[in-house]
Amino acid sequence: MTKTLRYAVKHSFPIFISFIPVGLAYGVLMQNAGYNFIWTGACSLFVLAGSLQYLMVSFFAGGVSLATVAIMSLLLNSRHIFYGLSFIEKFRSFGFWKYFLIYSLTDENYSLHCSHDFDDDIDEKWAYVLTAIMPVIYWVVLSIAGALIGTLIPFDTTGIDFALTALFIVILIEQMKGADNRLPALLAFVSSIVCLVLFGPSNFILPSLLITVALLTILRSRIEPAGKEGN
């Protein structure tokens with residue numbers, strides 16, 4: 001278990017580094033919107049969706065209706081449906097912990113789960129669980145720290161929400177550097193650009209995901225290594 005814990009910390013440490021600007025920035029934005037560190041920590045723990053949490057700051061400040069919040073949340077996080085589909089069989093084998101793994105399947109945790117590389121002395125189940133726990137702890141602690149910092153130092157928050165976009169770019173670059181086949185990234189890029197032009201910036205995410213998944217399914221034989229086909 002010690003080696004497994006060490007593996008989880010090492011494997012998730014890049015996410016901790018990337019969360020430093022993003023988590024602190026979110027905490028500062030919440031504090032400036034009038035919500036203290038308790039509210040910030042609660043949102044980070046129970047909502048656990050960085051892009052949605054950034055959007056929720058403007059929702060809170062603007063008095064947006066709960067119906068609007070619910071619809072926007074569904075549309076913005078619809079991509080997690082596709083994340084879950086790729087791990088449905090794996091998580092099912094982990095017993096009660098599958099519920100936590102489902103709950104914690106953020107963009108960052110999905111990236112970590114897709115890049116696991118276990119040695120023989122690593123417990124696979126606990127490596128998945130502990131790796132999922134680490135980013136949750138990082139996110140909650142750093143966002144609370146940002147809120148506390150926001151009470152001490154006045155900030156001009158203009159442009160600070162770009163930290164989340166920067167995080168996604170870093171994750172994409174790291175995934176592409178370690179990928180054997182970059183065709184999925186190319187398909188997703190082309191699909192996003194086409195849907196952005198056709199549907200506009202507010203409505204392109206879901207159709208882009210649907211098109212990307214369809215193309216990946218059709219071209220699966222060209223993307224997967226020969227030994228993995230049919231698995």
Practice prompt. Relative to the longest principal axis of the C-alpha atoms of the chain, give the angle of the C-alpha long axis of helix 183-199, reported between 0 and 90° and rounded to the nearest 10°.
Written response: 50
Item to complete: Identify, among His11, Ser191, Ile137, the residue whose Cα sits farthest towards the positive end of the charge dipole of the chain, taking +1 on the Cβ of Lys and Arg and -1 on the Cβ of Asp and Glu, with the dipole about the Cα centre.
Response: Ser191
Discussion item. Can you compute the radius of gyration and Dmax for the range 95-165, using only the Cα atoms, both in Å?
Written reply: 16.3, 50
Response to the item:
Rounded to the nearest whole number, the Stokes-Einstein translational diffusion coefficient of the chain at 4 °C and 1.567 mPa s (Kirkwood radius, C-alpha pairs) in µm²/s is 68
Practice prompt. Give the angle, between 0 and 90 degrees and rounded to the nearest 10, that separates the Cα long axis of helix 79-92 from the longest principal axis of the Cα atoms of the chain.
Written response: 50
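Taking only pairs that are 8 or more places apart or on different chains, how many Lys pairs in the chain have Cα atoms under 16 angstrom apart?
Working: Lys3/Lys125; Lys90/Lys98; Lys90/Lys125; Lys90/Lys228; Lys98/Lys125.
Qualifying lysine pairs in the chain: 5.
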Practice prompt. Kindly express, to the nearest 10 degrees and within the range 0 to 90, the angle between helix 162-178's C-alpha long axis and the longest C-alpha principal axis of the chain.
Written response: 20
Worksheet item: How large is the helix-only mean residue ellipticity at 222 nm for the chain, computed as the sum of -39500 (n - 2.57) over DSSP H runs with n ≥ 4, divided by its residue count, in deg cm²/dmol to the nearest 500?
Response: -24500 deg cm²/dmol
Practice prompt. Mind grabbing the base-10 log of I(q)/I(0) for the range 47-157 at q = 0.21 Å⁻¹? Debye formula, identical points on the C-alpha positions, no solvent, two decimal places.
Written response: -1.18
Worksheet item: To the nearest 20 debye, what is the magnitude of the charge dipole of the range 2-177 about its Cα centre, counting +1 on the Cβ of each Lys and Arg and -1 on the Cβ of each Asp and Glu?
Response: 240
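Bear in mind that the values in this text are calculations on the coordinates, not laboratory data. Everything numeric here is computed off the predicted structure, so don't read it as measured data. Note that each Cβ is placed from the backbone with ideal geometry, even for glycine, and that neighbours are counted across all protein chains shown.
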